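A.B. asks: Below you will find the structure I want to go over with you.
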Amino acid sequence: MSRKAIIFDLDGVIVDTAKYHYLAWRELANQLGFDFTTEQNERLKGVSRVRSLEILLDIGKVHLEEDQKTTYLKEKNEQYLQYIAKMDHSEILPGIDDLLHYLKLNKVPFSLGSASKNARLILETLDLIDLFDAIVDGNDVSTAKPDPEVFLIAAKKLGVPAEDCIVIEDAQAGIEAANKAGMTSIGIGDAAILHEADFMLSNTSELTIDFIQKLIA
Ligand code: BG6
Ligand code: MG
């Protein structure tokens, strides 16, 4: 068994769902009368649903009462779940399926560390849930990324010290959380956005077994 462990973010790392979160938020923004760009969406990546709405309203300079917020949060999630219902294995990001099976076979412990409250549903839909040694998601934390709580709980569940954990993330908030936890961070995406990561890869195809082997050796 490897001394090191890996913690995977879900949306935008394991599965291509980040685009669905964006589309659902954009629909809401349009409904509220403003546009919402992919660039602005970077601020929403990795953060909780509630925090995402606050950031979106700040971008659109829209004020809502608490009960309206609750209604819109529900609406956004229902829209998102409609996209998820149509999702299949082809939306697992390149190389991830092979990597997860390689880690399992080689007894490298790994956990999910996601802000999403839909994480278990998504992993079940993709038949990936049983591979994970631990799952920590938006239902398990009291403070969202960029707070390190989600990753620290994952490390505890895996029984591996934080400094031996490697976090794979596509969000700025996630890289910040991993760094605060004292873990090694790997950013997947735009280097200009994820520049605080210890390692930068432009997409999951670069997250090869060879690359991971060297990190856990
Ligand atoms: C994160 C996503 O993984 O989960 C965010 O990057 C999302 O975009 C957050 O808002 C919460 O997800 P959910 O599924 O609970 O709305
Ligand atoms: Mg993500």
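The values are calculated or read from the model by the stated rules, or taken from the named source; none is laboratory data. Please read all numbers here as calculations on a predicted model, not as lab measurements. FYI the Cβ positions are ideal-geometry reconstructions off the backbone, even for glycines, and counts take in every protein chain you see. To get the accessible areas, we keep the full protein, side chains included, count just its heavy atoms, and leave off ligands, DNA and RNA. Shrake-Rupley method; radii C 1.70, N 1.55, O 1.52, S 1.80 Å.
A.B. asks: Residues in region 87-95: is at least one more than 16 Å from ligand 2 (Cβ to nearest atom), in a strand (DSSP E or B) and either touching a Cys at 6+ places or on another chain (Cβ under 7 Å) or of a type in the set (S, T, N, Q) (or both)?
C.D. replies: Looking through region 87-95, none of the residues is more than 16 Å from ligand 2 (Cβ to nearest atom), in a strand (DSSP E or B) and either touching a Cys at 6+ places or on another chain (Cβ under 7 Å) or of a type in the set (S, T, N, Q) (or both).
A.B. asks: Any chance region 10-21 includes a residue that's buried (at least 17 other Cβ atoms within 10 Å of the Cβ) and either farther than 30 Å from C165 by Cα or more than 14 Å from ligand 1 (Cβ to nearest atom) (or both)?
C.D. replies: Scanning region 10-21, I find no residue that is buried (at least 17 other Cβ atoms within 10 Å of the Cβ) and either farther than 30 Å from C165 by Cα or more than 14 Å from ligand 1 (Cβ to nearest atom) (or both), so the answer is no.
A.B. asks: Which is touching a strand residue (DSSP E or B) at 6+ places or on another chain (Cβ under 9 Å) and away from ligand 1 (no atom under 15 Å from the Cβ), of G174, G182, G113?
C.D. replies: G182
A.B. asks: Now a separate question. S90 is checked against (1) over 30 Å from Q213 (Cβ atoms); (2) open to solvent by 30 Å² or more (accessible area, probe 1.4 Å) and fails just one. What number does that condition carry?
C.D. replies: S90 satisfies all of (1) over 30 Å from Q213 (Cβ atoms); (2) open to solvent by 30 Å² or more (accessible area, probe 1.4 Å) except (1).
A.B. asks: Only one residue in R43, R51 is out of contact with any Phe, Trp or Tyr (no Cβ under 6 Å at 6 or more places or on another chain), within 22 Å of A178 (Cβ to Cβ), assigned to a loop (DSSP other than H, G, I, E, B) and open to solvent by 60 Å² or more (accessible area, probe 1.4 Å), so which one is that?
C.D. replies: R43
A.B. asks: What do you reckon, is N30 near ligand 1 (Cβ under 10 Å from one of its atoms) and over 30 Å from E163 (Cα atoms)?
C.D. replies: Considered against the rule, which asks whether it is near ligand 1 (Cβ under 10 Å from one of its atoms) and over 30 Å from E163 (Cα atoms), N30 comes out as no.
A.B. asks: Does any residue of region 127-135 turn out to be open to solvent by less than 10 Å² (accessible area, probe 1.4 Å) and within 12 Å of ligand 2 (Cβ to nearest atom)?
C.D. replies: no
A.B. asks: OK, next. Residue by residue through region 93-110, note down the ones that are touching a strand residue (DSSP E or B) at 6+ places or on another chain (Cβ under 9 Å) and open to solvent by 50 Å² or more (accessible area, probe 1.4 Å).
C.D. replies: Of everything in region 93-110, just one residue is touching a strand residue (DSSP E or B) at 6+ places or on another chain (Cβ under 9 Å) and open to solvent by 50 Å² or more (accessible area, probe 1.4 Å), namely K104.
A.B. asks: Where the second residue is surrounded by 15 or more Cβ atoms within 10 Å (Cβ to Cβ) and at pLDDT below 95 and the first is farther than 21 Å from D164 by Cα and lies in region 184-206, which pairs have Cβ atoms under 7 Å and are six or more apart or on separate chains?
C.D. replies: I193/E42
A.B. asks: A follow-up question, please. Collect the residues in region 58-85 that are part of a helix (DSSP H, G or I), open to solvent by 80 Å² or more (accessible area, probe 1.4 Å) and acidic (D, E), keeping them in residue-number order.
C.D. replies: Within region 58-85, D58, E66, D67, E78 qualify.
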